[in-house]
Amino acid sequence: RRSALDCLRARKDQDTSTAVKLQISRAIEAIEAKEGPSPSSPPSPDTIDFDSPKTVPTAKYYVHIARITHNLQRTQSEVENVVLTAIAQKFDSSPSHQLAPFNETLDQAKTAVSRRKLKGYELSVTVEETAQDGNLRVRLKVAVLSYPGKAIQGELGPGASTSGSAGDKSTEDTLITMCAEKAVEQFTQNFK
């Protein structure tokens, strides 16, 4: 029930067991999926429409982000939203890059690339987290492929670390965002 959300959120922040935190996250998600998020909840990145990115009329490059993989103790949608939001916001300032819809089919990609005469790339992102001796490190491994053909073009691997521990969502989000922004910078400088 919605009345349990505040208690679950508080307990999740206090619990030290990653398995328990994961189960609490799943319970929160199930309640919100069934009854909708509580009015006091912050807006969810789920409200960003990654399947209809803004059109960039001056674009030369078409960039598709593949499904995100990760080793964090978080849900797939949480990690995808953090990574996709950071990438989309960074690409937002580029007049040369058009983001492809996240759930685009290969046929749709072929049509878009051909119709607009764009060079296509796919970024396949893996988020890796390690925590040791009070330090939290996040690294994004980004395989760069042609798109829609998917031939390997290269790899990027920005990382960042700070004091913290695994499961600290705020710190994880900050590190992931920093790495995603750096990956976009490296991509736009090196892949033309």
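Key figures for this structure:
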| item | result |
| --- | --- |
| Filter result for residue 98 (out of contact with any Cys (no Cβ under 9 Å at 6 or more places or on another chain), more than 30 Å from residue 121 (Cβ to Cβ) and modelled with pLDDT of 85 or more) | no |
| Pairs with Cβ under 8 Å, 6+ apart, first in region 118-129 and within 11 Å of residue 149 (Cα to Cα), second of a type in the set (S, T, N, Q) and surrounded by fewer than 18 Cβ atoms within 10 Å (Cβ to Cβ) | 120/146; 121/146; 121/153; 122/146 |
| Qualifying residue in region 161-169 (condition: part of a helix (DSSP H, G or I), surrounded by fewer than 18 Cβ atoms within 10 Å (Cβ to Cβ) and out of contact with any His (no Cβ under 6 Å at 6 or more places or on another chain)) | yes |
| Pairs with Cβ under 8 Å, 6+ apart, first in region 77-99 and under 19 Å from residue 128 (Cβ atoms) and free of Cβ contacts under 8 Å to residues at least 40 places away in the same chain, second open to solvent by less than 20 Å² (accessible area, probe 1.4 Å) and β-branched (Val, Ile, Thr) | 80/68; 84/65; 84/68 |
| Residue match in region 137-154 (condition: more than 22 Å from residue 104 (Cβ to Cβ), over 20 Å from the mean Cα position of the chain (by Cα) and open to solvent by 30 Å² or more (accessible area, probe 1.4 Å)) | no |
| Close pairs from region 1-29: first on the phi < 0 side of the Ramachandran plot, partner open to solvent by 50 Å² or more (accessible area, probe 1.4 Å) and in a helix (DSSP H, G or I), Cβ under 7 Å, at least 6 apart | 2/35; 24/11; 28/9 |
| Residue satisfying condition, being crowded, with 18+ Cβ neighbours inside 10 Å and among the basic types (Lys, Arg), within set 90, 117 | 90 |
| Top-ranked residue of region 171-190 - restricted to ones that are closer than 19 Å to residue 68 by Cβ and either hydroxyl-bearing (Ser, Thr, Tyr) or assigned to a loop (DSSP other than H, G, I, E, B) (or both), ranked as most open to solvent (accessible area, probe 1.4 Å) | 174 |
| Region 32-59 - residue that is at pLDDT below 75 and of a type in the set (Val, Ile, Thr) and, of those, least open to solvent (accessible area, probe 1.4 Å) | 48 |
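Quick grid of which residues meet (1) under 30 Å from residue 23 (Cα atoms); (2) open to solvent by 80 Å² or more (accessible area, probe 1.4 Å):
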site: 66; (1), (2): yes, no
site: 73; (1), (2): yes, yes
site: 79; (1), (2): yes, no
site: 103; (1), (2): yes, yes
site: 122; (1), (2): no, no
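The values are calculated or read from the model by the stated rules, or taken from the named source; none is laboratory data. Because the structure is predicted, anything quoted here is derived from the model rather than measured. Every residue, glycine as well, gets a Cβ built from its backbone with ideal geometry; the counts of neighbours run over all protein chains shown. Calculation scope for accessible area: heavy atoms of the full protein, side chains included, ligands and nucleic acids excluded. Shrake-Rupley method; radii C 1.70, N 1.55, O 1.52, S 1.80 Å.
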